[in-house]
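Take a look at the structure below.
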Amino acid sequence: MTVLRKNREELKQYYFVIKQLVDREIKRKYARSFLGVIWSVLNPLMTMAVMSMIFSTIENYPIYYLTGTIFWQLFSGATNSAMTALVDNRTLLLKVKLPKQTFVLARIYTALTNFGYTCVAYVLMLVVFQIKISPAMLLFPIDVFFCLLFSMGIGYVLSILYVFFADIKYLYSIVLTLWMYMSAIFYPYESTTLMMQKVIGNNPVFVYIAFARDCVMYQKWPETDLWIKMILWGIVSFLIGYYVFSRKEN
């Protein structure tokens, strides 16, 4: 019972520290912004309006685009911020005895918090465009979970690489740009060549986007191959990332 009580207390402290770090990251991000976290709602809406004018021929394009962009922002925001977590918190790492992954997890959870704010805009647009509620929408949180798991694995690896190789930050920004265009966020996946469809179809970020579009926009149960890819990408990425981090964190 004593050991159990001790573990429970450690978990409470662990959760408290992560919560404080997340609050700090959000405050720092919007420190000089008048609208603050409201930008997390306005930004996807304004971008959606611009893109909708360009691709107005696609049915329900605003929802199509929003579904893609909120998952992309979750992934890119989580991995980008996790990359610098150890270096940014080096002073705390030396002074406070905490698991080093605490700082990476805090950045991941910050991205999830911002995703929650963005979902406010998403739900609003679902109402505006009269997207009916369906049982398939219950699968949306599962999709978010595995996307977060995938992002966590990438974030773990990047946080270690950045300690030894600072230029990875600039290289990763180039990779993200290419990755974004290969994720069919603002163009129809079917409009590409067969070869490109094979490449995009195996892109993990696109898998999470396609899964969300199926269960929310098209209100249907995603196909089996999407389920398999969604789960495998998430678990494999997390396990590899955690392994690399645990081996190199010291």
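Which whole-Hz couplings ³J(HN,Hα) result when phi for each residue of the stretch 110-118 is put into the Karplus expression 6.51 cos²θ - 1.76 cosθ + 1.60, θ = phi - 60°, listed in order with x for Gly and Pro?
Using θ = phi - 60°, the values come out as 5, 4, 5, 4, 4, 4, x, 5, 5 Hz.
Highest mean first, what order results for 225-235, 149-159, 85-95, 210-220 on Cβ atoms within 10 Å?
Ranking, from highest mean packing down: 149-159, 210-220, 225-235, 85-95.
For the stretch 66-83, in order, what is each residue's ³J(HN,Hα) by Karplus, 6.51 cos²θ - 1.76 cosθ + 1.60 with θ = phi - 60°, in whole Hz (x at glycine and Pro)?
In residue order, the calculated couplings are 4, 4, x, 6, 5, 6, 5, 5, 4, 5, 5, x, 5, 6, 4, 6, 5, 4 Hz.
Using Cα centres only, tell me the gap between the stretch 122-192 and the stretch 197-250 in whole Å.
The distance from the Cα centre of the stretch 122-192 to that of the stretch 197-250 comes to 9 Å.
Ignoring ligands, DNA and RNA, what accessible area per residue does the stretch 139-234 give at 1.4 Å, in Å²?
Normalised by residue count, the accessible surface of the stretch 139-234 is 49 Å².
Report, to the nearest whole %, how much of the accessible area of the stretch 58-187 belongs to carbon and sulfur atoms, 1.4 Å probe, protein only.
Working: 4190 of 5920 Å².
The value for the stretch 58-187 is 71 percent carbon and sulfur by accessible area.
The values are calculated or read from the model by the stated rules, or taken from the named source; none is laboratory data. Computed from a predicted structure; not experimentally measured. Positions of Cβ are generated from backbone atoms using ideal geometry, with glycine treated the same way; all protein chains shown enter the neighbour counts. The accessibility values were calculated without ligands, DNA or RNA, using every heavy atom of the protein model including side chains. Shrake-Rupley method; radii C 1.70, N 1.55, O 1.52, S 1.80 Å.
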